[in-house]
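The next block holds one structure in the form of structure tokens; read it before the comments.
The values are calculated or read from the model by the stated rules, or taken from the named source; none is laboratory data. Only a predicted model underlies this, so the values are computations on that prediction, with no experimental measurement involved. Positions of Cβ are generated from backbone atoms using ideal geometry, with glycine treated the same way; all protein chains shown enter the neighbour counts.
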Number of protein chains: 2
Amino acid sequence: MTFEEWSASSRKSVDARLQTRFDDAWPPQFREATLYPLQTGGKRIRPLFSLAAMDTLGRPQSADCVSVAASVELIHTYSLVHDDMPCMDDDDERRGKPSVHKRFDEPAALLVGDALLTEAFRILTTTGLSPTTQVRLVAELANGAGHVGMIGGQAADIGMGGPVTEIDALMQLHNGKTGALIRTSVRMGAITAGATDAELSRLTAYGEAIGLAFQMADDILDKDEDAGDDGPPSYVKLIGEEETRRRARQLLDEALSICDTFSGARHLISLARFTVDRDY
Amino acid sequence: MTFEEWSASSRKSVDARLQTRFDDAWPPQFREATLYPLQTGGKRIRPLFSLAAMDTLGRPQSADCVSVAASVELIHTYSLVHDDMPCMDDDDERRGKPSVHKRFDEPAALLVGDALLTEAFRILTTTGLSPTTQVRLVAELANGAGHVGMIGGQAADIGMGGPVTEIDALMQLHNGKTGALIRTSVRMGAITAGATDAELSRLTAYGEAIGLAFQMADDILDKDEDAGDDGPPSYVKLIGEEETRRRARQLLDEALSICDTFSGARHLISLARFTVDRDY
């Protein structure tokens, strides 16, 4: 199976799983609102990282694997719904469609985000994985998504750590805001597949490298866009395009060399190239 | 130990536990913001329901018990932080102090709420309880706090189920908005204490009765206040004060008769009276 076939088929499985998670939501209009941001497309990169890590460790893709992958997408989607709200980025559109607070209203967007976040944990308790594994997954997700991970990075992003003027501070910010959930996605895949400590440690390093490089690649792609707000600078603005490219390339090489230590990391390799090597 | 001594001591233990849960938050100003809504007082009713259920089943109050109790308070507090935001109730004060979005700002309040919600699940994975028990607690909390429970009720409260004109619809709303987390608090205590299915089922019925009666008692206390918004009516407005009192009394009696089936439900009895029997 090519990477394209595998990712298309995996994406379809994750989407199908996400669709069923709010069947018991009420009132009906709220059910519709929870499903709306899950139906506006999206590349499902984070679930793919989970599933690729499982594949690398030889775990066949089961319904349980898909549930674990869906849980990281629920976290990612809730963060977009809250980020788009007027008090944050005030984005009227997401993926070419009205954002949740425009399609419904602000209170609905707030509650939809909260509901997706809560569901990310609930779905982890519905698998047939061992209780020990389920607890590890819940802890991993809470760490990656919470105040030591993604939310900490978002807090830095809204300026709660003061102005960002140094490359180390910018990397710490993105290591939280974007990197933490990518690293967690890879780690949750590894934990689900029963990784040894050594395997988990190598896959964590892969996730960390790609998680950091991800934002650099984004900033290179968007280098001609004016950020237009008073948030932190882009990598390109802070250290220049050439240095950003050099760092992204170095992180990608690091990740790819970790992949070489596994015999079947083909999808992790493709994902690394797909997410970082996007225009060079 | 009297109920007053027990509740004061339990409250102190829960507060101490909550204080330590954001030691690893960053940036420092965000750590301060996460702690702020946890330091503004509050009766800690929901943790007390958890601890009283454990006490009823003979479980001595350990550090693990306190962590479970703290997790329900994290959910309750996050819901208050988000509820106070301008797009929801737009409350500038909470317990006589500026609400989080006034003391910090709106983006901070949004992220603080998200962080408390996420931490509620993380803390459950830090106990020495068996993995099976931990998974049951995570599932229980996600159900009580999520779209089938509290958030569903909040969605009805903001009008996503249409205008509330019937008593059954109002009870369904409050059964979610307020009742679900109280029922879940009792159930999490029971699960932590290793309740049998029969004990869990009786304690669930207790939690459901008190969860519903709680809002009725609130509405009786606030009967002279003008709701002043276009939300759902109070019980008193919809069915009158006398009928509200009759229903609250009936639910309280139901809960107390369940307590009689246990030999040591003293704190559950006191809590039922404390939360429902407030002015009559």
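If you go through the stretch B:42-53 one residue at a time, do you hit one that is part of a helix (DSSP H, G or I) and in contact with a Cys (Cβ under 8 Å, 6 or more places away or on another chain)? Don't jump to the end; show me each part of the working.
Let us first name the residues in the stretch B:42-53 that are part of a helix (DSSP H, G or I), namely B:45-53.
Narrowing further to those that are in contact with a Cys (Cβ under 8 Å, 6 or more places away or on another chain): B:50-51.
Yes, some residue in the stretch B:42-53 is part of a helix (DSSP H, G or I) and in contact with a Cys (Cβ under 8 Å, 6 or more places away or on another chain).
Name, by its number, the condition in (1) in contact with a Ser or Thr (Cβ under 7 Å, 6 or more places away or on another chain); (2) part of a helix (DSSP H, G or I); (3) farther than 19 Å from B:ASP23 by Cβ; (4) not basic (Lys, Arg) that does not hold for B:LEU80.
So B:LEU80 meets the others, but not (1).
Applying the selection to the stretch B:95-137, what residues are over 30 Å from A:CYS87 (Cβ atoms) and at the interface with chain A (Cβ under 9 Å from one of its Cβ atoms)?
B:THR125, B:THR126, B:SER130, B:PRO131, B:THR132, B:THR133, B:GLN134, B:VAL135, B:ARG136
Would you be able to say whether some residue in the stretch B:205-226 is of a type in the set (Asp, Glu), closer than 30 Å to B:SER130 by Cα and at pLDDT 95 or above?
Yes, the conditions are met somewhere in the stretch B:205-226.
Report whether or not B:GLU73 is more than 20 Å from B:GLY128 (Cα to Cα) and either of a type in the set (D, E, K, R) or touching a Leu at 6+ places or on another chain (Cβ under 9 Å) (or both).
no
How about the stretch B:159-168: which of its residues are at the interface with chain A (Cβ under 7 Å from one of its Cβ atoms) and more than 23 Å from B:ALA213 (Cβ to Cβ)? Steps first, answer last, please.
The initial filter retains those residues of the stretch B:159-168 that are at the interface with chain A (Cβ under 7 Å from one of its Cβ atoms), namely B:160-161.
Result: B:MET160, single match.
In the stretch B:10-21, which residues are away from chain A (no Cβ under 13 Å) and in contact with a Leu (Cβ under 9 Å, 6 or more places away or on another chain)?
Passing the criteria: B:SER10, B:ARG11, B:SER13, B:VAL14, B:ASP15, B:LEU18, B:GLN19.
B:ALA195: closer than 30 Å to B:SER67 by Cα, assigned to a helix (DSSP H, G or I) and in contact (Cβ under 8 Å) with a residue 12 or more places away in the chain, yes or no?
Spelling it out, it is not the case that B:ALA195 is closer than 30 Å to B:SER67 by Cα, assigned to a helix (DSSP H, G or I) and in contact (Cβ under 8 Å) with a residue 12 or more places away in the chain.
Restricting the stretch A:22-32 to residues that are assigned to a helix (DSSP H, G or I) and at the interface with chain B (Cβ under 7 Å from one of its Cβ atoms), which is farthest from A:ASP114 (Cα to Cα)?
Residue satisfying both the conditions and the ranking: A:GLN29.
Looking only at helices (runs of 4 or more DSSP H) that fall completely inside the stretch B:93-174, which ones have 3 or more residues that are in contact with a helix residue (DSSP H, G or I) (Cβ under 8 Å, 6 or more places away or on another chain) and buried (at least 24 other Cβ atoms within 10 Å of the Cβ)?
Working: elements: B:100-103, B:106-124, B:131-145, B:150-157, B:167-174.
Those helices (runs of 4 or more DSSP H) span B:106-124, B:131-145, B:150-157.
Tally time: how many residues in the stretch B:147-158 are under 13 Å from the mean Cα position of the chain (by Cα), at the interface with another protein chain (Cβ under 8 Å from one of its Cβ atoms) and small (Gly, Ala, Ser)?
Matching residues across the stretch B:147-158 total 0.
Looking at the stretch A:54-67 only, could you name the residues that are in a loop (DSSP other than H, G, I, E, B) and closer than 19 Å to A:SER201 by Cα?
Selection gives A:LEU57, A:GLY58, A:ARG59.
For (1) closer than 15 Å to A:ILE191 by Cα; (2) away from chain B (no Cβ under 14 Å); (3) among the acidic types (Asp, Glu), each residue gets a yes or a no:
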position: A:PHE49; (1), (2), (3): yes, yes, no
position: A:ALA52; (1), (2), (3): yes, yes, no
position: A:SER67; (1), (2), (3): yes, no, no
position: A:SER71; (1), (2), (3): yes, no, no
position: A:ILE75; (1), (2), (3): no, no, no
position: A:TYR78; (1), (2), (3): no, no, no
position: A:MET85; (1), (2), (3): no, no, no
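Can you tell which of A:SER71, A:SER67, A:SER62 is surrounded by fewer than 18 Cβ atoms within 10 Å (Cβ to Cβ), among the polar types (S, T, N, Q) and closer than 25 Å to A:ALA193 by Cα?
None of the other options fit; the residue is A:SER62.
Can you name every residue in the stretch A:246-280 that is crowded, with 18+ Cβ neighbours inside 10 Å and under 14 Å from A:GLN215 (Cα atoms)?
Hits for the stretch A:246-280 are A:ALA248, A:LEU251, A:LEU252, A:ALA272, A:THR275, A:VAL276.
Among A:GLY41, A:GLY58, which is the only one that is away from chain B (no Cβ under 11 Å), touching a residue at least 24 places away in the same chain (Cβ under 8 Å) and more than 26 Å from A:GLN134 (Cβ to Cβ)?
A:GLY41
With B:ALA209, B:ALA248, B:ALA190, B:ALA205 as the choices, which residue is among the aliphatic types (A, V, I, L, M) and over 21 Å from B:ASP55 (Cα atoms)? Write out each step before concluding.
On the way: B:ALA209 fails: over 21 Å from B:ASP55 (Cα atoms); B:ALA190 fails: over 21 Å from B:ASP55 (Cα atoms); B:ALA205 fails: over 21 Å from B:ASP55 (Cα atoms).
None of the other options fit; the residue is B:ALA248.
Given the residues B:ALA180, B:ALA209, which is the only one that is of a type outside the set (Phe, Trp, Tyr), at negative phi, within 14 Å of another protein chain (Cβ to nearest Cβ) and assigned to a helix (DSSP H, G or I)?
B:ALA180
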